[in-house]
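The values are calculated or read from the model by the stated rules, or taken from the named source; none is laboratory data. Note that the structure is a prediction, hence the values are computed from the model and not measured. Because the Cβ atoms are built from the backbone with ideal geometry, glycine has one as well, and the counts that use them run over all protein chains shown.
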Amino acid sequence: MPNVIETSSVFKAYGEQIVSNNISLGVAEGTIYGLLGPNGAGKTTLIRMLATITQPDRGEIRFMGELLREKHSQKMGYMPEERGLYKKMTVADQLLFFAELRGFSKKDARTSVKKWLQRLDMMEWAKKKIEEISKGMAQKVQFVSCVLHNPQLLILDEPFSGFDPVNADLIKDLILEQRNQGHSIIFSTHRMDNVESLCDQLSIIHNGEKVLDGTISEIRRRHFKGVFELGYHNPVFFPPRLIQTSQMRETNDGKYTYTIQTDSAFTPQDLLQEGMKAGELIHFSELIPSIHDIFVETVAGSKLESEKLGSIHPSKLLAS
Amino acid sequence: MTFLGPILMVGFYASAIYIATKGSDDKRIKNVYVSQMIPIINDTLLSNSIGNNPTKTKHIETESGLLNTRLLLAPSNKDSAIEHVKQGTVDGWINIGDCDFSTIDSTNYYTLQTPSMIEMDILNKWVQNRAIQNAYSKLGLRESQIDSLKSKGSIITKELSKDGNISDSSSDLKSGIGFGLAFLVYIFIFIYGSMVMRSAMEEKTNRIVEIIVSSVKPFHLMMGKILGVAAVGLTQFIAWIVLAIALLSGISYFGFGQQKIEPLTTSNMPGTMGNTLSAQQFESMQSTVDAHSLMALLGNLPYFQILAIFLLFFIGGYLLYSSFFAAIGAAVNESSDVQQFMFPISLPLVFGFIIAQSVALKSPHGTLAKIFSMFPLTSPVVMVVRAPFGVPLSEIVLSASILFASFFLMVWVSGRIYRIGILSYGKKPTWKDLWKWIR
């Protein structure tokens, strides 16, 4: 699949502060790309460069293979993190304005606005001013404003912040629908809630640098540290020579679950055999770290939780 | 509002000026003693009743009727006269020291509260008048003879044009019109300029600007704003001019006699604004220009030139100042930060307006007028004041070129501030930051 947008060694600094240090990434056609990173990592800076608002100091950005230029913004939809609309303008006028701003003719703009307002059951609100409608409604208008020109690439800065759960789900569905229509989406977030269910690919940005990227399964697989979970009806013992650490936990349905960090020489096969020898094995699985854990590990420089099982929070392991 | 706005504006200022000139709503009659003097001719006004019995009175006649004053004959005893003033029985005492009244040098006015300039002026004139009448009567002139000596006329200016035409002209009218137009330029640069600023600020605080800037260059966005508001302004002006013409032709169609055309003159008169234009001067303007000759004078004004200069310099001034305003709007994060930048930028305009006042009255062709009608930050106001007096074409061209050249320079500078400012959030920018953005 060709990349819709692609950066290579993009560098940007504000004065002394480097906000984007040689970042290279690519968003393939029809995929959703997540940009993860803590606040102030440089996500917004990168996104603004993608949206042609600012330009990189060095490095290049390509859109559909061409060097990114202003005209390409016609094929992009962009939703900034902090949102706002013209308060005194009506919903319909506002949307028409944005559609025309993105190069739609008056007629096309009208058709598209009508289509979207109908889809979201907002026709009756079309003539209302933004200041007269609810915040959630305004957020929907905002989202519509960046998709109504049918953009090939949707750039969303923290798309879920400020949405209530119902609207967040709605936006999520709309994003997925955009992808299913073959559009690409790149969005930034510092929250993990939706990342795994939404992203095909992601990268983690930290201190202006890309510290990690890949597809979700790739990244999780890469961070697999040989931790397995074994379940029994009764407590068991493992031969200590084969196992580095283990922790037992009794679940409320009367099962005993062991989380075991294996030696690198161990294959899952070996562990399974040992496990079967130890007792009546009813449950066996590998514990692949969640994106959340990986994010925390990468960003905070903290050890992956599974390495210090003593302090592990069960829900985090089970979450995977 | 587009069409109603200007009418409201005119109504607002006209009523303010009306109140200021007609204004002292002090209906109370002031009682003023006048000390005895030897023969005051024609004096039905002062009774012979001496003492504390102020019965027979007469109002001082003033041209404007601004003062509501009753003159009473003062008691002969100086101490009791002063005592009455102290007690508030009378408001003041004009003590004419020279009984002969050959001079008024030794005349004093005793009062508890110092009267206003205008009041003092009127009292002064009255005493002077009396002294002159006194002097005439000493020469043996009769009352009717004295009256005939008073000249009723005033000088009428005849303006010669190069091709030999002679036309009536009025400096008062020209000052009034010039000043009125300068006032419009001054006010509307502020109104439209801050419109541009508010719009830039709204988009910045709403973050809409990020979406727009991803499709449009910041410079284009800024220029669009400036030109868009300019179009609004011009539409308003044109609507206004059409309205004015309609009104004027309506007035001349129905015609009117000798009464003064107050609405027209007042709307152009600076009255309240001008500290150099006192109500007296205002009055004198009005009185010399009565409706009879006013139409003729109005007909003689170089309308086309005035209008052309007005529009040219209004547009130029607006463009120059609004590019400052746009940069401010883009630089600040909230309206409370605006003041810091607004103040130094509005200073030259205010200064120009002050210069315009003295130019309009004193020397529309003087050096001061020439210098400040060239300087781009003041020329929009000062040049417009000079317009009715006739400005050489070469000066207009030079000044307009300077004005528009500085607009192009400023818009470039502002564009750079705008480009960065519009996407910079957080701390309030300093002048140093702005300088960094420009470079």
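Could you look through region B:414-439, keep only residues that are surrounded by fewer than 17 Cβ atoms within 10 Å (Cβ to Cβ) and among the β-branched types (Val, Ile, Thr), and pick out the one that is farthest from the chain's Cα centre (by Cα)? In this case the residue turns out to be B:438.
Collect the residues in region B:160-200 that are surrounded by fewer than 24 Cβ atoms within 10 Å (Cβ to Cβ) and either within 14 Å of chain A (Cβ to nearest Cβ) or under 23 Å from residue A:80 (Cβ atoms) (or both), keeping them in residue-number order. Those that are surrounded by fewer than 24 Cβ atoms within 10 Å (Cβ to Cβ) and either within 14 Å of chain A (Cβ to nearest Cβ) or under 23 Å from residue A:80 (Cβ atoms) (or both): B:195, B:198, B:199. When the residues of region A:58-92 are filtered to those that are under 20 Å from residue B:205 (Cβ atoms) and of a type in the set (Asp, Glu), the one that is farthest from the other protein chains (Cβ to nearest Cβ) is A:81. Residues that are away from chain B (no Cβ under 14 Å), aliphatic (A, V, I, L, M) and farther than 21 Å from residue A:184 by Cβ occur in region A:127-142; there is at least one.
Here residue A:119 does not qualify as at the interface with another protein chain (Cβ under 9 Å from one of its Cβ atoms) and within 21 Å of residue A:175 (Cβ to Cβ).
Based on what the data block shows, is residue B:191 assigned to a helix (DSSP H, G or I), among the aliphatic types (A, V, I, L, M), assigned by TED's automatic domain parsing to the domain that holds residue B:235 and in contact with a strand residue (DSSP E or B) (Cβ under 7 Å, 6 or more places away or on another chain)?
Numbers: assigned to a helix (DSSP H, G or I): yes; among the aliphatic types (A, V, I, L, M): yes; assigned by TED's automatic domain parsing to the domain that holds residue B:235: yes; in contact with a strand residue (DSSP E or B) (Cβ under 7 Å, 6 or more places away or on another chain): no.
It is false that residue B:191 is assigned to a helix (DSSP H, G or I), among the aliphatic types (A, V, I, L, M), assigned by TED's automatic domain parsing to the domain that holds residue B:235 and in contact with a strand residue (DSSP E or B) (Cβ under 7 Å, 6 or more places away or on another chain).
Residue check: is residue B:390 closer than 19 Å to residue B:180 by Cβ, surrounded by fewer than 18 Cβ atoms within 10 Å (Cβ to Cβ) and in contact (Cβ under 8 Å) with a residue 60 or more places away in the chain?
On the way: closer than 19 Å to residue B:180 by Cβ: yes; surrounded by fewer than 18 Cβ atoms within 10 Å (Cβ to Cβ): yes; in contact (Cβ under 8 Å) with a residue 60 or more places away in the chain: yes.
Spelling it out, residue B:390 is indeed closer than 19 Å to residue B:180 by Cβ, surrounded by fewer than 18 Cβ atoms within 10 Å (Cβ to Cβ) and in contact (Cβ under 8 Å) with a residue 60 or more places away in the chain.
Considering only strands (runs of 3 or more DSSP E) fully contained in region A:225-289, which possess at least 3 residues that are modelled with pLDDT under 80 and of a type outside the set (D, E, K, R)?
Numbers: elements: A:227-232, A:243-250, A:256-262, A:281-286.
It comes to A:243-250.
Picking from residues in region A:98-110 that are over 13 Å from residue A:76 (Cβ atoms) and buried (at least 19 other Cβ atoms within 10 Å of the Cβ), the one that is farthest from the other protein chains (Cβ to nearest Cβ) is A:109.
For residue A:14, the stated conditions hold: it is among the hydroxyl-bearing types (Ser, Thr, Tyr), over 22 Å from residue A:160 (Cα atoms) and within 14 Å of chain B (Cβ to nearest Cβ).
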